Structure formats: structure tokens, C-alpha cells
Amino acid sequence: QKEVEQNSGPLSVPEGAIASLNCTYSDRGSQSFFWYRQYSGKSPELIMSIYSNGDKEDGRFTAQLNKASQYVSLLIRDSQPSDSATYLCAVNGVSWGKLQFGAGTQVVVTP
Amino acid sequence: DGGITQSPKYLFRKEGQNVTLSCEQNLNHDAMYWYRQDPGQGLRLIYYSQIVNDFQKGDIAEGYSVSREKKESFPLTVTSAQKNPTAFYLCASSSTGGVREQYFGPGTRLTVT
């Protein structure tokens, strides 16, 4: 079983709609959760961090965390073509410094 | 501007040659990391360092070596012992306190033929 799992996609989303990305993790002791956006050929860019159960909003992005279900999600509201990218979920577990990454979900926003 | 630089952006080498990838940061971060990314896969940790003159193996350290002589610098050497060295190499850094968010450099794309 992979430690961090994401649907690979591609997730096709009409422009203006909500994109919903999911991530599950296996280490119940995980403390910190991150979403990175990676454009093709570029390096990952940190877009959201979440540490407590519940929702965290930043602009058009909302991260949701449910530690009991070992589940973290990212919502992108009013999706734009510039949101087309691969979104990586990363989890910081008990072992310091060792972020575990999912394989990423490719999002394609269609005009 | 604070940030992480990696050089070169593209690197081509013949099989059997060692190659060193550069990573420099001016974010005053204590911790630095090297990851490898292969097409369609997530990032895998090669080595990380929490402090100068100390570093630990990550999940796929075989065939790689690092040094941390300065806080700002964490070069990675890909040795001839690495069986499949062609990949996208990413350097990151973070603080060692608080939430430890990792920030990435632009990456080096290594091709070995």
C-alpha cells in the first residue's frame, strides 16, 4: 500500500467550475499536510498547508483535513485555464523532514 | 530576492561519469533536501540535511552522495553506481522549527546516455 494516494486523473473541469482533488494517507501519526501545484516541466510550488481538522481557505483554494478518516482534499473554485497542472499531495509524518508525496492528480481546465 | 537556485537547468552526461548538481539557498533555512522525480511519479527523497556537516539517507540514496559544508549549499553527486540516473532532480529547503514547509528550486533535468 502506498503511503500517500491520489487519483492520477486527468480530472477534466469546465472553466468556472469547482475542481475537487482527494488524497488519502496511511500514517495515522501524520501532522502536516501540503498541496503543491506543478506545471509541466516546472518544479512544485506550495499552494496550501493544513495542520488541523477542518477547512482552510486561501483565495480560490480550500484545503480540507479529516485526520480520523486519514483524508485531505483540495477544492479549486472558479477554475481557470491557468489552474491546469498536476497537484501533489504531501504528508509530513512522524519521521521529521520526510515528506511523503503522492503521485499527483493532473487537472485540465477546459474553456 | 530570497530563493533556491539550481544549476544547470539541463545536464547531459555519458554513462559511467559522475556528475554534480548544484543547489544554493538564501532563505536562511537550516534544512535542505534532494528529491528525484520520474515521469508520472511522485517525488522520492534521496538525501536530506538538517544542519551543516550532517546529512541522512532518504528512501533512494544508493548511487548518490552529498555534502553540506555550508548552510547555503547542498550539492548532489550522481555517481556511476546509480543504475537509472536520468530524471528530474529537485532541491528543497525548509526551516527546522514550526511547520517546516518545504520550498523547491527550479530543478535540474539530467539525461544520461
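Here are B:15, B:24, B:62: which of them is open to solvent by 40 Å² or more (accessible area, probe 1.4 Å), more than 14 Å from chain A (Cβ to nearest Cβ), modelled with pLDDT of 95 or more and assigned to a loop (DSSP other than H, G, I, E, B)? Even if it seems obvious, please write down each step before you answer.
Details: B:15 fails: modelled with pLDDT of 95 or more; B:24 fails: assigned to a loop (DSSP other than H, G, I, E, B).
Just a single option satisfies the conditions, and that option is B:62.
Please name all residue pairs, on different chains or six or more residues apart, with Cβ atoms under 7 Å, provided the first residue is in region B:71-87 and is more than 19 Å from residue B:56 (Cα to Cα) and the second residue is open to solvent by 30 Å² or more (accessible area, probe 1.4 Å) and in a loop (DSSP other than H, G, I, E, B).
Going by the 7 Å Cβ cut-off, the qualifying pairs are B:80/B:16; B:80/B:17; B:80/B:18.
Here are the criteria: (1) open to solvent by less than 60 Å² (accessible area, probe 1.4 Å); (2) more than 25 Å from residue A:93 (Cα to Cα); (3) under 14 Å from the mean Cα position of the chain (by Cα); (4) more than 10 Å from chain A (Cβ to nearest Cβ). Tell me which single one residue B:6 does not satisfy.
(4) is the only condition that residue B:6 fails.
Report, by residue number, each residue of region B:38-59 that is outside any strand (DSSP E or B) and not acidic (Asp, Glu).
The initial filter retains those residues of region B:38-59 that are outside any strand (DSSP E or B), namely B:38-42, B:52-53, B:58-59.
Selection gives B:39, B:40, B:41, B:42, B:52, B:53, B:58.
Scan region A:1-22 for residues that are of a type in the set (S, T, N, Q) and either at pLDDT below 95 or under 22 Å from residue A:70 (Cβ atoms) (or both) and jot them down.
A:1, A:6, A:7, A:8, A:20, A:22, listed by residue number.
Determine, yes or no, whether residue A:12 is more than 10 Å from every other protein chain (Cβ to nearest Cβ) and assigned to a loop (DSSP other than H, G, I, E, B).
On the way: more than 10 Å from every other protein chain (Cβ to nearest Cβ): yes; assigned to a loop (DSSP other than H, G, I, E, B): no.
Criteria not met by residue A:12.
Does any residue of region B:15-24 turn out to be touching a Gly at 6+ places or on another chain (Cβ under 9 Å) and in contact (Cβ under 8 Å) with a residue 60 or more places away in the chain? Step through it out loud before you land on a result.
Here is the first cut: in region B:15-24, the residues touching a Gly at 6+ places or on another chain (Cβ under 9 Å) are B:23-24.
Going one step further and asking which of them are in contact (Cβ under 8 Å) with a residue 60 or more places away in the chain, we end up with B:23.
Yes, region B:15-24 has at least one match.
Every residue in region B:72-113 that is assigned to a loop (DSSP other than H, G, I, E, B), more than 14 Å from chain A (Cβ to nearest Cβ) and either within 14 Å of the chain's Cα centre (by Cα) or not charged (D, E, K, R) (or both), please.
In the first step, residues of region B:72-113 are kept if they are assigned to a loop (DSSP other than H, G, I, E, B); the result is B:72, B:74-75, B:79-86, B:95-102, B:105-107, B:113.
Then keep just the ones that are more than 14 Å from chain A (Cβ to nearest Cβ); that gives B:72, B:75, B:79-86, B:113.
Matches in region B:72-113: B:72, B:75, B:79, B:80, B:81, B:82, B:84, B:85, B:86, B:113.
Would you pick out the residues in region A:44-57 that are part of a strand (DSSP E or B) and loosely packed, with under 12 Cβ neighbours inside 10 Å?
Filtering region A:44-57 for residues part of a strand (DSSP E or B) gives A:45-50, A:54-57.
Within region A:44-57, just A:54 meets the criteria.
For residues in region A:89-111 being open to solvent by less than 40 Å² (accessible area, probe 1.4 Å) and more than 14 Å from chain B (Cβ to nearest Cβ), which is farthest from the chain's Cα centre (by Cα)? Working first, answer last.
So in region A:89-111, the residues open to solvent by less than 40 Å² (accessible area, probe 1.4 Å) come out as A:89-93, A:97, A:99, A:101-102, A:104-105, A:107, A:109.
With the extra rule that they be more than 14 Å from chain B (Cβ to nearest Cβ), the set shrinks to A:107, A:109.
Values: A:107: 11, A:109: 16 Å.
So, considering only residues that are open to solvent by less than 40 Å² (accessible area, probe 1.4 Å) and more than 14 Å from chain B (Cβ to nearest Cβ), the one farthest from the chain's Cα centre (by Cα) is A:109.
Return only the number of the condition from (1) open to solvent by 10 Å² or more (accessible area, probe 1.4 Å); (2) free of Cβ contacts under 8 Å to residues at least 60 places away in the same chain that residue A:81 does not satisfy.
For residue A:81, the failing item is (2).
Return the only residue of A:60, A:37, A:77 being of a type in the set (Lys, Arg) and within 10 Å of the chain's Cα centre (by Cα). Lay out the reasoning, then the answer.
Working: A:60 fails: within 10 Å of the chain's Cα centre (by Cα); A:77 fails: within 10 Å of the chain's Cα centre (by Cα).
Step by step, each of A:60, A:37, A:77 is checked, and only A:37 is of a type in the set (Lys, Arg) and within 10 Å of the chain's Cα centre (by Cα).
Among the candidates A:62, A:86, A:24, single out the residue that is without any contact (Cβ under 8 Å) to a residue 40 or more places away in the chain and either open to solvent by 30 Å² or more (accessible area, probe 1.4 Å) or assigned to a strand (DSSP E or B) (or both).
Result of the check over A:62, A:86, A:24: A:62.
Mind checking which residues of region A:27-43 are open to solvent by 60 Å² or more (accessible area, probe 1.4 Å) and under 23 Å from residue B:98 (Cβ atoms)?
Our first condition is that a residue be open to solvent by 60 Å² or more (accessible area, probe 1.4 Å); within region A:27-43, this holds for A:28, A:31, A:39-40, A:42.
Passing the criteria: A:28, A:31.
The values are calculated or read from the model by the stated rules, or taken from the named source; none is laboratory data. Computed from a predicted model, the values in this text were never measured in an experiment. Because the Cβ atoms are built from the backbone with ideal geometry, glycine has one as well, and the counts that use them run over all protein chains shown. Remember, those area values only see protein heavy atoms, side chains included, never the ligands or the DNA or RNA. Shrake-Rupley method; radii C 1.70, N 1.55, O 1.52, S 1.80 Å.
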